[in-house]
Amino acid sequence: MTRLRLGLTLLALMALAASVAPWAQQWLGTDPFAPDLFARYAEPSAEHPLGADELGRDLLLRLLYGARVSLGVGLAAALAASVLGTALGVLAAWKGGWVDAVLMRLADGLLALPALPILVLLAAMDPAKLGLPRGDAMVDMLRIVVILVVFGWVGVARLARAGALSLLATDYVRAARALGVTEARLLWRHVLPGLAAPVAVACALAVAGAILTESVLSFLGLGIQPPTPSWGNMLANAQEAVFAAPLAALWPGLAILIAIVGCALVADGVARRGQ
Amino acid sequence: MAGALNLLLWRLPQIALTLVLLSLAAWFAIGLMPGDPVSLAMISDPRLTPADIERLRALHGLDQPLIERYLAWAGGLLRGEFGYSRLFAQPVWRVLWPALLSTLALVGSAVLLAATLGVALGALAALRPRAAPLVDAVALLAQAVPAFWLGILLIILFAVNLGWLPAGGAPDAGQSALPFLVLPVVTIAFGQMAAYARHAAAALSAELSRPHITSARARGAGERRLIWRHALPNAAVPLLTLLALDAGSLVSGALVTETVFARPGMGKLLYDAVMGNDYNLALLALLLVALVTMLATLLADLAQRWIDPRLGER
């Protein structure tokens, strides 16, 4: 219980920090998107509480705006992956036969593959060839979410399938069937609620995974493109400045670390509560 | 051994099929990447006329539909023609082979270190319940630290501030490779360690409460012998499963770590190839990485059956 509460508190604090970004900007009176070459690698001061990056942009504000991007992408990707994974997992368990076989072999195949090299390849695709505008922050985020979901549904689907299989074999499901409950209602009312706990655990872990993967892709220059800040692309800039401003590398990584610890604690807490 | 043969017969075609599907998917993904060779030639030589460009596209077959180009390329692969890397101006295999060896050395040392540290931590948690929360916290931290961030921090501490180790790159001829290996290995191993610690702790404490341990203890076996001789071999089975499941994430970790440390290897090669529009190299690097990963998984599965023959009977 304490783990769950601690994890939720951490995540709530992060969400709060992300939501106050515009007010912090007003209060500090600096623009985190516009270069200010006089303030390159500025030391922490009243104007720049955490200092400034290689273009003189305020690190604290970029961290706060980056939280919106990183948490937003993480949540969106994990929710989409959880919905898709639950649907496919339940479908596989309910249908059985070749549907089950095809879906699970597909999941095995995706799990066996090294994800990141493939993601790097996918992330380098040109959205313009699909008729989408290039360089738009929303399109960037959507692209990353889609790429993360392609790999993210697998873990949820396996858990959902295993859970649904055991639920479908329970006496109350057989009793409901015998009473003439339609299959759709059976799945919706009697199977899905029983999957809530395992899917919640998988979803919390998926949020952590998505935040981490987004930061890696952005770090490699394939995710969210500057000037939009994300924790990952802030670190890419910071690595080039390990001599000039070693502290600039500290904060974004710490933010990622706290977000992931929060998700892991929530997942752990929910799992223990279920036992 | 019949079980192992069965496994091979079932898995090898599956691996081949996965590679075919992956190469097909990657081929189409690459078709959507910016810039084909002719548009690059266009940038470097402004005197090319549209008619020249049409001619060049036709000459290199770039005017054909994607699927026909794929079939031609795949046919070449099956005949052993791997083609050239445009980025390195060398045959692809001559670029891939040293990179593969370098990555295997990196990942192999990292797994060894991660498993050793992880099992030690897990054993500590299983044997000294009071240390368990501490081990738990370390595992949570290790799992949550982004590898590329850890790499940067290690560079700042050990290369920039202390100057003990090189910040990255590869050894020159005659230089020892070891100092260049330390930081990347630690970076990968730290993240991997978490899962080993958790699983080792769970498996060992489950094993230690089983009757054969009690009976061995009653016959006067020392605690050390109990752990190493009686508990650990059984507890090793889930650890091997973990190794099998983690082969993919190890390669992913190698990509990030090699990029951070500018260390030549498969991951960095793939990244550079994608960034440099070297399609042929990127595709073959991806397929090779996938093949090695799947073979490693298969190997771990075989080792698991060798340790626990009951697994083959199911």
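The values are calculated or read from the model by the stated rules, or taken from the named source; none is laboratory data. For clarity, every value in this text was computed on a predicted model and none was experimentally measured. Glycine gets a Cβ as well: all are built from the backbone with ideal geometry, and neighbour counts include every protein chain shown.
Which pairs have Cβ atoms under 8 Å, sit 6 or more apart or on different chains, and link a residue in region B:14-28 that is surrounded by 14 or more Cβ atoms within 10 Å (Cβ to Cβ) to one that is β-branched (Val, Ile, Thr) and in a helix (DSSP H, G or I)?
Final answer for the pair search is B:LEU22/A:ILE118; B:ALA26/A:ILE118.
Return yes when B:LEU232 is surrounded by fewer than 19 Cβ atoms within 10 Å (Cβ to Cβ) and either within 13 Å of the chain's Cα centre (by Cα) or over 19 Å from A:LEU222 (Cβ atoms) (or both) and no when it is not.
yes
Got a sec? Which of B:LEU269, B:LEU288, B:LEU281 is touching a strand residue (DSSP E or B) at 6+ places or on another chain (Cβ under 6 Å), buried (at least 18 other Cβ atoms within 10 Å of the Cβ) and part of a helix (DSSP H, G or I)?
B:LEU281
From the list A:ALA210, A:ALA196, which residue is free of Cβ contacts under 8 Å to residues at least 24 places away in the same chain, closer than 28 Å to A:ALA67 by Cβ, more than 10 Å from chain B (Cβ to nearest Cβ) and in a helix (DSSP H, G or I)?
Only one candidate passes the filter, namely A:ALA196.
Take the residues in region B:90-137 that are farther than 30 Å from B:GLY76 by Cβ and of a type in the set (Val, Ile, Thr), then tell me which one is surrounded by the fewest Cβ atoms within 10 Å (Cβ to Cβ).
Restricting to residues being farther than 30 Å from B:GLY76 by Cβ and of a type in the set (Val, Ile, Thr), the top hit is B:THR116.
Table: residues versus (1) within 13 Å of another protein chain (Cβ to nearest Cβ); (2) farther than 29 Å from B:ALA144 by Cβ; (3) in contact with a Pro (Cβ under 9 Å, 6 or more places away or on another chain).
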| site | (1), (2), (3) |
| --- | --- |
| B:LEU240 | no, no, no |
| B:ARG263 | no, no, yes |
| B:TYR271 | yes, no, yes |
| B:ASN277 | yes, yes, yes |
| B:ARG310 | no, yes, no |
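Being aromatic (Phe, Trp, Tyr), crowded, with 24+ Cβ neighbours inside 10 Å and out of contact with any Asp or Glu (no Cβ under 9 Å at 6 or more places or on another chain) is the filter here, so list the residues in region A:212-270 that pass it.
Of everything in region A:212-270, just one residue is aromatic (Phe, Trp, Tyr), crowded, with 24+ Cβ neighbours inside 10 Å and out of contact with any Asp or Glu (no Cβ under 9 Å at 6 or more places or on another chain), namely A:PHE219.
If B:TRP149 satisfies every condition in (1) surrounded by 22 or more Cβ atoms within 10 Å (Cβ to Cβ); (2) closer than 24 Å to B:LEU232 by Cβ; (3) within 11 Å of chain A (Cβ to nearest Cβ) but one, which is the exception?
Failed condition: (2).
Within region B:279-291, can you find the residues that are more than 8 Å from chain A (Cβ to nearest Cβ) and of a type in the set (A, V, I, L, M)?
B:LEU281, B:LEU283, B:LEU284, B:LEU287, B:LEU288, B:LEU291
All but one of (1) within 14 Å of chain A (Cβ to nearest Cβ); (2) crowded, with 19+ Cβ neighbours inside 10 Å hold for B:LEU157, so report the exception by its number.
Among (1) within 14 Å of chain A (Cβ to nearest Cβ); (2) crowded, with 19+ Cβ neighbours inside 10 Å, B:LEU157 violates only (2).
Of the residues A:LEU167, A:LEU179, A:LEU159, A:LEU148, only one is buried (at least 17 other Cβ atoms within 10 Å of the Cβ) and more than 30 Å from A:LEU222 (Cβ to Cβ); which?
So the residue among A:LEU167, A:LEU179, A:LEU159, A:LEU148 that is buried (at least 17 other Cβ atoms within 10 Å of the Cβ) and more than 30 Å from A:LEU222 (Cβ to Cβ) is A:LEU167.
In region A:235-267, how many are of a type outside the set (Val, Ile, Thr) and either under 16 Å from B:VAL256 (Cβ atoms) or at the interface with chain B (Cβ under 8 Å from one of its Cβ atoms) (or both)?
13
When you go through A:LEU159, A:LEU148 one by one, which is the residue that is over 11 Å from A:ALA81 (Cα atoms), modelled with pLDDT under 90 and either in a helix (DSSP H, G or I) or away from chain B (no Cβ under 14 Å) (or both)?
Unique residue meeting the criteria: A:LEU159.
Looking at A:GLY180, is it at pLDDT 85 or above, in contact with a Pro (Cβ under 7 Å, 6 or more places away or on another chain) and within 22 Å of A:GLY96 (Cα to Cα)?
The answer is no for A:GLY180.
For the subset of region B:245-261 comprising residues that are of a type in the set (S, T, N, Q) and within 7 Å of chain A (Cβ to nearest Cβ), which member is nearest to B:THR293 (Cα to Cα)?
Looking at the filtered set, the residue picked out is B:SER252.
Consider B:ALA200 carefully, then state whether it is within 13 Å of B:LEU127 (Cβ to Cβ), crowded, with 19+ Cβ neighbours inside 10 Å, of a type in the set (A, V, I, L, M, F, W, C) and touching a residue at least 60 places away in the same chain (Cβ under 8 Å).
Answer is yes for this residue.
Name the single residue, out of those in region A:81-131 being among the hydrophobic types (A, V, I, L, M, F, W, C) and not in a helix (DSSP H, G or I), that is modelled with the highest pLDDT.
Taking the candidates together, the pick is A:LEU113.
Only helices (runs of 4 or more DSSP H) wholly contained in region B:123-227 count here; list those with 2 or more residues that are of a type outside the set (Gly, Ala, Ser), over 25 Å from B:GLU258 (Cβ atoms) and out of contact with any Pro (no Cβ under 9 Å at 6 or more places or on another chain).
In region B:123-227, the matching helices (runs of 4 or more DSSP H) lie at B:132-144, B:178-208, B:211-218.
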